[in-house]
Amino acid sequence: MSVVGVEGEERDDFTRGESRQMRARSLRLLGSLVRPVRARVILTMFVIVLSTALQVAGPALIAYGIDTGLPALLDENDWMPIGLIVGAYLLTGISGAAFIALYQVMSARLSQAILLDLRKRVFLHTQRLSLEFHESYTSGRIIARQTSDLDSIRELLDSGLNQLVSGMLYMSFTAAALVLLDPTSGLVLAVSLVPLLLLTRWFQVRSQKLFRYTRVASARLIVHFVETMTGIRAVKAFRKEPRNAVQFGDHVEEYRHANARVIRLFGIFDPGLVLIGNVTVAAVLVVGGFRIVEGSLAVGALLGILLYTRRFFDPAEEMAMFYNSYQGAAAALEKISGVLEETPSVADPTTPIDLWKARGTVHFDRVRFQYAQDEVVLPDLELEIPAGQTIALVGTTGAGKSTLAKLIARFYDPTSGAVTLDGVDLRKLHPKDLRRAIVMVTQEAYLFSGTVADNIALGNPQATRDQIVDAAKAVGAHEFIESLPHGYDTDVNKRGGRVSAGQRQLISFARAFLADPVVLILDEATASLDIPSERLVQQALNTLLSDRTAVIIAHRLSTVAIADRVLVMEHGRIVEDGTPAELIAGTGKFAQLHAAWRDSLV
Amino acid sequence: MSTTTPAPPRLNTMRAIARIYPYAKPAMKWIYAGMGAALAAGVVTLIIPIVLQGLVDGPLRTGDASQIWPAGLLVLALGFLEAVFIMLRRWFVLTPGTHIEARMRNGLYAQLQDLPVAFHDRWQSGQLLSRAVSDLNLIRRWLSFGFVLLIVNTVTILIGFAVLLSWSLWLGLLFLAMSIPLWVYGYLFEKKYSVIARRAQDQQGDLATAVEESVHGIRVLKAFGRGKHSLLKFADQAELLRGTEIEKAKAIAGIWFWLVLIPDVAFALCLLGGVALAAAGELSVGELFAFFATATVLRFPIESIGFLLSMTFDARTATDRFFEVMDEVNTITDPESPRELRKPTGRLTFEKVEFRYQDAAPDLPGTLDGIDLTLEPGETMALVGITGSGKTTLTALATRLYDVTGGRILLDDVDIRDLTREELRRHVAMAFEDATLFSASVRDNVLLGRPDLTESDDLAAAREAERVLTEAIEIAQAGFTYDLPNGLETLVGEEGLSLSGGQRQRLALARAVAADPAVLVLDDPLSALDVDTEALVEAALRRVLAKTTGLIVAHRPSTVQMADRVALLQEGRITDVGTHSELLQRNEHYRYVISSLEDEELAAEERAERDLRLAEEQGRRQDAIDRESRVIDQDGEGIR
C-alpha cells in the first residue's frame, strides 16, 4: 500500500511501509529546505561548538586556580599563575558569551530562512491546487497546515533543536572536562547515566501520550468556545446557555484533568532529575574525599569535579522536552509534505499559447465531466457560444449548470473533450490571458481585508482611483460606498464598515467590471441582492454584457430575461435551447417555470 | 477591543493581580504550603556547601578518612530532602492551580454567554478566545510557579548572600555588586522583549489572516488570476515577520550574552579575590570551596528574577484582560420579579419603539425611529424595506437580542422586559438569514429549542420529540438529511459535515419551527433556496403560520404572499401597513422595493402575448405542430 498526498491524513493505523514512505517524504522535504542553507548550517554548528567549549572551561579554571595559583601565591608570593588563570577565565567568559550570542542570532537567521521558504512554498502550492482539491480538503485543514503546523515546525527549529544541540554539546563537553580533570569521577558520572536515561525515556513515552491528550482536550474546548461566540445569536434565541454551560464545563474539566496529569508527570520527572544529580554529587564527593586523604587528588580539583557534576544535569529537563516538540513537528511535516505532494489537477500549461486579444467565442467540444469516482455530471456536451452572446442557464440544482460555468472559467478541466476560447484549448492558454479574458462572479462575494477600493482594484491592480469609482458607478455601487464612514477608503472588516450581503455582491460586480473580461460568468451572482439592488445591477448588466460573451446562472427568472439565449439543463444535458421569447411561447420546462414565476409576481 | 471606553485608573501591579484573589482563595493555603516547601528546598541546598566547608577544612585537611562517609551520607540525605521538597512544592500547588484556572474559565464563559449581542458585535471571537485559553493558562502558571518562585527565590537569594557574606565580607559584596547589573539588564530586557514579542505575535496574526483569506477567497483569486498578487502580499508580510523574529533573537542573544558573561566574570574576579584572601590567611580553603559551591547554587535564583518579574507583568496584563470582560455590565438582564405568561396567545405589539446602535453617530437618527405595529394572534406579518431600513434589527428586538432604546415591545400586553429571557425566548423563536449550526447531530440541531423534549427521560416525550422532528424537517423541506451518511445522527457544524448555504438555511428553519413558539420570527429564511424548493417550503410554512403569529422579513413577492399583511419599513419607521395588493396599488415605495422594472415590463409583455394567442386560438394546433418540429430540429443540431 502507499499513501499519496493528503490521503490518509486522518488515519493513525499506518502500516510499516506507509509510515516509512511518509517519513521519507518528510525527510525529502526537510532536505530540500536545508540544502540551500547548508553552508550556514555548518558555520552555525562551528560557533555553537566553540561557544560551549569556552563556557565549560570555568570550573576547571577554578580548580586550577585553587590547586596551582594559591600555592604559588602562598609559597613564592608569585601572582603570575593566578593572574594568568583569572585572565584566561575572563577571556573564556567573554568570548563564550559573545559566541553564544552570535549563535543565537545565526540560528534564528537560519531557522527563519527555512521557515520563510516553507511558508512561501505551501502558500504558492495551495493557490496552485485546483478547486476540486479545495472542495474536498476543507479550508480549516489547509489553514491549519499553514498556521499551526508551521508553528510547530518553528517551535522545533527555534527552541527544540536549539535546546537539543546546545544541551547535548553542553553535557558532552562537561563530561569530557570532568574526565580530563579526574577520570575516576567520570566513571561515577557514567554510572549515573543509567538512571538518567531510564527516567528520561520513561518521561518521553508518558509525556508524549499525555501531551496528545491535552492537545485533543484543548482543541475541543476551543471549538466549543468559538462556536458559541460566533453563533451567540442562535445560542440566545434557542436558550442554549444552560446546556452550553454544562458542556463547556465538561470540556474545561477534561482539559484541566489532562493538564494536571502533565504537571504531575513533571512533578515526578523534575525532582527525579534533581535526586539523580544530588546522589551523583554525594558519590563523587565520597570517592573524591577518600582520594584527597590518600593524597591522590587536590582540594581544588574536587571543587571543580563537584561543580561539573552539578552542572551536568542542568540541560536534562529541557532536552527531555525536545522529544515532544520533535514529535509535533514530525507530524506537522508529514502533513505539510502531503499537501506539497498533491499535484494540481488543473495544471498550468508547459508551453502556453498567448491570446493577446480574445474575441470571446466559447466552444464545448464533446465535453464529458465527472468528479473523481463520482457519477457523471456532464455526459457529452456540445455547445457553441458565439462571441458577444449572452446565455442564461436554467435548471434545477444538480443539473450541471455550475459545472458548465466552472469549466469555462477553468476551475475544472473536462474529463474528456475540450473547452476552447477562440479555438484555443483552455488547457493550453496562457494563464494570464485566460484570467484576463474570462472572469467568474459567484454568489459568495468574498471581500478581503482592506478598503472597499482595494477590493474593487483586485479586478485590475493597475487601475486608478477614477477607474475604480467609474466601475462602482457602472454597477450602481457608488452611492452606498459613498455613504460608508470613509467612502472608498472604508475598511470592510472594521466595525463601521458593515456591508450587507447585497452590498458585498455589488462590490464584487464592480471588481468584475474593472477586470473588463471578454467572457463574463455570473453564477447565482444576483441571488442575495434585494430587488432595488438587483434592479440597479440589471440596468448595469445591460450595458456590461452588451459587448461581451456572458453566461448567467440564475434561479430568479427576472435575471434570465436579459439573455439572448436560454439553455435549460437537466441531468447534464441541454434539453431546451432558444431565445427567451421562443421558449416562453413553447410548452417546455422553461415555459412552465416561467408561468409559475409569473403567477408568484402578483 | 473597546477603545472607546475611557481607561479606568491604572492599578499598581500587585493590586491589579490581587483581583484574582476571590478565585484563588480556596487554593491559597496550598500555594503557601508550596512556598514553604520551595523555601525548604532552597535552604537545604544552601546547607550542602556548609557541610562541604566542614569536610574540606576538617577531615580532608587532617586526613581523617573515617569522617568522609558521614559527611557523604549527610550530603546524600540533604540532596534527597531537596528532591522531596521540590516534589512537595509541585504536588501542593498542582491540582489547586488547575482548579483556579478551570473556575475562572467557566466564570468567563458564563459571563460571555450572558452578555448581550451588542457586546459580541464589538468583540471578535479570537479576542475572547485568547482570554479564555492563553491568558488563563498564564495566570495559572504564574500562581503556581511564577508567584511561588518569585517570593522563594528572593528569600533564597537573601539567605544565600547572608551565607556568602559570612564566608567572606569582601567576596560576598563583590558577588552582590556583580549581580546588580544582571537584575537591571534583566528587567530592561523583559520590557524591550515584550514589545518585540507582541509585535511578532501581531504580525503572526496578520499572516494567519492572510492565509485564511487566501483560502476562503480562493475562488475569487482564481477567477481573477490574482494568485501571484496575493503571494507577493503574503511574502511581504512573511518577510516582515522574519525581520521581527530576528530582532527578537537579537534581544535574546543580548540577554544570553549578559547571563553568561556576568556570572563568569564574577566567578573569575571572586577566584582572584578568594585566592588572594586565602593567601593572606583571611579565608580557609574550605571556605573558598564553599563560597564557590554556594555561588553556583545561587546562580539560577539570581538569573530567574528577571524572567519571573516579566512573567508577573504578563500575568498582570492577562488579569486585566480577563477582568475587562468580567467587568462589563450586562444591560439586558432578567427582571427582579418577572411576570409569567402561561399560554401566550401571541399578540406582539411594538409601541413607539426606538433603537440606535451604541456606535452610531449621535447626529444621525436611530436605526429604528418610532415603530408602532401590532401583530394579532395568529396573524402573519411580512416586513418589507430596502437594505439598511432596519428590518433585521426590528426582528432582533422581539427576542431581546438587543433592547429597545425607546418605547416598548409587548407580548400579550406584557412588556417583554418584564419576562425572564428564558421565557420570552421560549415563546418567540427565530430563524436567521446566516444560519448557524452547532457541532452536533442534525437531530440535536433541529430540536435545539426543545430541551423539554430532549432532556426528558419520559417515553412520551421521546415520541413527541420524534414527531416534532419529522414534522419540522418535512416543513422545511430538509429531507436531504435522511440521506446523509448517518441520517439524522450525522454530525454537522464546525466539526462535522459541511452543508451548503441552502441546506443550512433549511435546517435553521426546521429548528425554528420545531421550537413550536407562539411567535415565529423569520429573517429572510429562504434567501439561499432555489425557486422550486422555496415554493415547497412556502406551501408547508403556510400550515404552520396559520396557527402561529409570524413576523417575516421578505425580499421577494413570493415570500410576502405567505403573510396576511405587510408592513413597509422606511428609514426606521413603518410607513404603511396593508395587504400585498393594497400596498402594490397605493404605495410607490413599496412597488420600488418589491417588484423590479423588468418584472413589470415582462408582465406587460406577457399580457400582450396572451391577447395575441387568444386571437390566434384557431391556429393553435398548427402552432403546436410547428413548435414540435422546431424542437426536433434543435435536437438534430445538438446531436450533430
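Which of the residues that make up region A:433-490 are touching a strand residue (DSSP E or B) at 6+ places or on another chain (Cβ under 8 Å) and open to solvent by 40 Å² or more (accessible area, probe 1.4 Å)?
A:443, A:449, A:486, A:489, listed by residue number.
Cβ-Cβ under 8 Å, sequence separation 6+ or interchain: first residue in region A:28-54 and farther than 12 Å from residue A:106 by Cα, partner surrounded by 15 or more Cβ atoms within 10 Å (Cβ to Cβ) and polar (S, T, N, Q). Which pairs?
Here the result reads A:28/A:337; A:29/A:337; A:52/A:166; A:54/A:92; A:54/A:95, each pair linking region A:28-54 to a residue that is surrounded by 15 or more Cβ atoms within 10 Å (Cβ to Cβ) and polar (S, T, N, Q).
Going through B:274, B:306 one at a time, which residue ends up being crowded, with 23+ Cβ neighbours inside 10 Å, within 30 Å of residue B:79 (Cα to Cα) and not charged (D, E, K, R)? First the steps, then the outcome.
Numbers: B:306 fails: crowded, with 23+ Cβ neighbours inside 10 Å.
So the residue among B:274, B:306 that is crowded, with 23+ Cβ neighbours inside 10 Å, within 30 Å of residue B:79 (Cα to Cα) and not charged (D, E, K, R) is B:274.
Restricting the search to region B:384-429, which residues are open to solvent by less than 10 Å² (accessible area, probe 1.4 Å), out of contact with any Phe, Trp or Tyr (no Cβ under 8 Å at 6 or more places or on another chain) and closer than 29 Å to residue B:491 by Cβ?
Answer for region B:384-429, where residues must be open to solvent by less than 10 Å² (accessible area, probe 1.4 Å), out of contact with any Phe, Trp or Tyr (no Cβ under 8 Å at 6 or more places or on another chain) and closer than 29 Å to residue B:491 by Cβ: B:399, B:401, B:428.
Looking only at helices (runs of 4 or more DSSP H) that fall completely inside region A:497-595, which ones have 2 or more residues that are farther than 29 Å from residue A:380 by Cβ? Step through it out loud before you land on a result.
Working: elements: A:501-515, A:531-544, A:557-560, A:580-585.
Per the criteria, A:501-515, A:531-544.
Sort out which residues of region B:321-355 are at negative phi, outside any loop (DSSP other than H, G, I, E, B) and open to solvent by 60 Å² or more (accessible area, probe 1.4 Å), and write them in order of number. I'd like the intermediate steps shown before the answer.
Start the filter on region B:321-355 by keeping residues that are at negative phi, which leaves B:321-345, B:347-351, B:353-355.
Narrowing the set further to residues that are outside any loop (DSSP other than H, G, I, E, B) leaves B:321-326, B:348-351, B:353-355.
Hits for region B:321-355 are B:351, B:354.
Among the residues of region B:544-552, is any of a type in the set (S, T, N, Q) and more than 10 Å from chain A (Cβ to nearest Cβ)?
First, the residues of region B:544-552 that are of a type in the set (S, T, N, Q): B:548-549.
With the extra rule that they be more than 10 Å from chain A (Cβ to nearest Cβ), the set shrinks to B:548-549.
Among the residues of region B:544-552, at least one is of a type in the set (S, T, N, Q) and more than 10 Å from chain A (Cβ to nearest Cβ), which makes the answer yes.
For (1) assigned to a helix (DSSP H, G or I); (2) hydrophobic (A, V, I, L, M, F, W, C); (3) open to solvent by 10 Å² or more (accessible area, probe 1.4 Å); (4) more than 29 Å from residue B:263 (Cα to Cα), each residue gets a yes or a no:
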residue: A:32; (1), (2), (3), (4): yes, no, yes, yes
residue: A:48; (1), (2), (3), (4): yes, yes, no, no
residue: A:78; (1), (2), (3), (4): no, no, yes, no
residue: A:88; (1), (2), (3), (4): yes, yes, yes, no
residue: A:98; (1), (2), (3), (4): yes, yes, yes, no
residue: A:121; (1), (2), (3), (4): yes, no, yes, yes
residue: A:132; (1), (2), (3), (4): yes, no, yes, yes
residue: A:141; (1), (2), (3), (4): yes, no, yes, yes
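Restricting attention to region B:129-147, does a residue exist that is more than 30 Å from residue A:245 (Cα to Cα), touching a residue at least 60 places away in the same chain (Cβ under 8 Å) and either open to solvent by less than 50 Å² (accessible area, probe 1.4 Å) or not in a helix (DSSP H, G or I) (or both)?
Initially, region B:129-147 is screened for residues more than 30 Å from residue A:245 (Cα to Cα), giving B:146-147.
With touching a residue at least 60 places away in the same chain (Cβ under 8 Å) added as a condition, the list becomes B:146-147.
Right, trim to either open to solvent by less than 50 Å² (accessible area, probe 1.4 Å) or not in a helix (DSSP H, G or I) (or both) and you get B:146-147.
Taking every residue of region B:129-147 in turn, at least one turns out to be more than 30 Å from residue A:245 (Cα to Cα), touching a residue at least 60 places away in the same chain (Cβ under 8 Å) and either open to solvent by less than 50 Å² (accessible area, probe 1.4 Å) or not in a helix (DSSP H, G or I) (or both).
Looking only at region B:20-29, which residues are hydrophobic (A, V, I, L, M, F, W, C) and surrounded by fewer than 19 Cβ atoms within 10 Å (Cβ to Cβ)?
First, the residues of region B:20-29 that are hydrophobic (A, V, I, L, M, F, W, C): B:20, B:24, B:27-28.
Within region B:20-29, B:28 is the sole residue that qualifies.
Does residue A:64 qualify as being assigned to a helix (DSSP H, G or I), open to solvent by 40 Å² or more (accessible area, probe 1.4 Å) and of a type in the set (Ser, Thr, Tyr)? It would help to see each step written out before you state the result.
Numbers: assigned to a helix (DSSP H, G or I): yes; open to solvent by 40 Å² or more (accessible area, probe 1.4 Å): yes; of a type in the set (Ser, Thr, Tyr): yes.
Considered against the rule, which asks whether it is assigned to a helix (DSSP H, G or I), open to solvent by 40 Å² or more (accessible area, probe 1.4 Å) and of a type in the set (Ser, Thr, Tyr), residue A:64 comes out as yes.
From the residues in region B:209-255 that are facing chain A (nearest Cβ under 8 Å) and among the hydroxyl-bearing types (Ser, Thr, Tyr), which one is most open to solvent (accessible area, probe 1.4 Å)? Please lay out each step first, then the result.
Filtering region B:209-255 for residues facing chain A (nearest Cβ under 8 Å) gives B:209, B:211-227, B:229-231, B:234-235, B:238-239, B:242, B:245-246, B:248-250, B:252-254.
Filter once more, keeping what is among the hydroxyl-bearing types (Ser, Thr, Tyr): B:209, B:214, B:230.
Details: B:209: 56, B:214: 4, B:230: 20 Å².
Once the filter is applied, the top-ranked residue is B:209.
Test of understanding: among A:452, A:439, which residue is modelled with pLDDT of 85 or more and under 14 Å from residue A:505 (Cβ atoms)?
On the way: A:439 fails: under 14 Å from residue A:505 (Cβ atoms).
None of the other options fit; the residue is A:452.
Just one of (1) within 30 Å of residue A:84 (Cα to Cα); (2) open to solvent by less than 20 Å² (accessible area, probe 1.4 Å); (3) in a helix (DSSP H, G or I) trips up residue B:283, so point out which.
Status for residue B:283: all satisfied but (3).
When both residues are 6+ apart or on different chains and their Cβ atoms are under 8 Å apart, which pairs have a first residue that lies in region A:425-449 and is in a strand (DSSP E or B), and a second that is among the hydroxyl-bearing types (Ser, Thr, Tyr)?
Close Cβ pairs satisfying both conditions: A:441/A:508.
Taking the residues in region B:194-208 that are over 18 Å from residue A:449 (Cα atoms) and either facing chain A (nearest Cβ under 7 Å) or open to solvent by 40 Å² or more (accessible area, probe 1.4 Å) (or both) as candidates, determine which candidate is nearest to the chain's Cα centre (by Cα).
To start, the set of residues in region B:194-208 that are over 18 Å from residue A:449 (Cα atoms) comprises B:194-201.
Applying the additional criterion that residues be either facing chain A (nearest Cβ under 7 Å) or open to solvent by 40 Å² or more (accessible area, probe 1.4 Å) (or both) yields B:194-195, B:198-199, B:201.
Numbers: B:194: 24, B:195: 24, B:198: 20, B:199: 21, B:201: 17 Å.
The extreme case among them is B:201.
Out of all the residues in region B:177-190, is one or more surrounded by fewer than 17 Cβ atoms within 10 Å (Cβ to Cβ), more than 14 Å from chain A (Cβ to nearest Cβ) and either within 30 Å of the chain's Cα centre (by Cα) or not in a helix (DSSP H, G or I) (or both)? I'd like the intermediate steps shown before the answer.
The first filter runs over region B:177-190 and keeps only residues surrounded by fewer than 17 Cβ atoms within 10 Å (Cβ to Cβ), leaving B:177, B:180-181, B:183-184, B:187-188.
Now restrict to residues that are more than 14 Å from chain A (Cβ to nearest Cβ): B:177, B:180, B:183-184, B:187-188.
Then keep just the ones that are either within 30 Å of the chain's Cα centre (by Cα) or not in a helix (DSSP H, G or I) (or both); that gives none.
Within region B:177-190, not a single residue is surrounded by fewer than 17 Cβ atoms within 10 Å (Cβ to Cβ), more than 14 Å from chain A (Cβ to nearest Cβ) and either within 30 Å of the chain's Cα centre (by Cα) or not in a helix (DSSP H, G or I) (or both).
Just give me the residues in region B:83-137 being more than 8 Å from chain A (Cβ to nearest Cβ) and basic (Lys, Arg), in sequence order.
B:89, B:103, B:131
Give the residue that is modelled with the lowest pLDDT, with candidates limited to residues of region B:51-70 that are facing chain A (nearest Cβ under 7 Å) and touching a Gly at 6+ places or on another chain (Cβ under 7 Å).
Top of the filtered list is B:60.
Does residue A:306 qualify as being in a loop (DSSP other than H, G, I, E, B), crowded, with 20+ Cβ neighbours inside 10 Å and not assigned by TED's automatic domain parsing to the domain that holds residue A:266? Show your work before the answer.
Values: in a loop (DSSP other than H, G, I, E, B): no; crowded, with 20+ Cβ neighbours inside 10 Å: yes; not assigned by TED's automatic domain parsing to the domain that holds residue A:266: yes.
Answer is no for this residue.
Give the residue, chosen from B:575, B:579, that is more than 29 Å from residue B:474 (Cα to Cα) and without any contact (Cβ under 8 Å) to a residue 24 or more places away in the chain.
On the way: B:579 fails: more than 29 Å from residue B:474 (Cα to Cα).
The conditions single out B:575.
Among the residues of region B:420-434, which ones are facing another protein chain (nearest Cβ under 8 Å), part of a loop (DSSP other than H, G, I, E, B) and not aromatic (Phe, Trp, Tyr)?
The answer is B:433, and nothing else.
The values are calculated or read from the model by the stated rules, or taken from the named source; none is laboratory data. This structure is a prediction, so every number in the text was calculated from the model and none was measured. Backbone-built Cβ (ideal geometry, glycine too); neighbour counts: all protein chains shown. Just the protein is used for accessible areas: all its heavy atoms, side chains included, with ligands, DNA and RNA removed. Shrake-Rupley method; radii C 1.70, N 1.55, O 1.52, S 1.80 Å.
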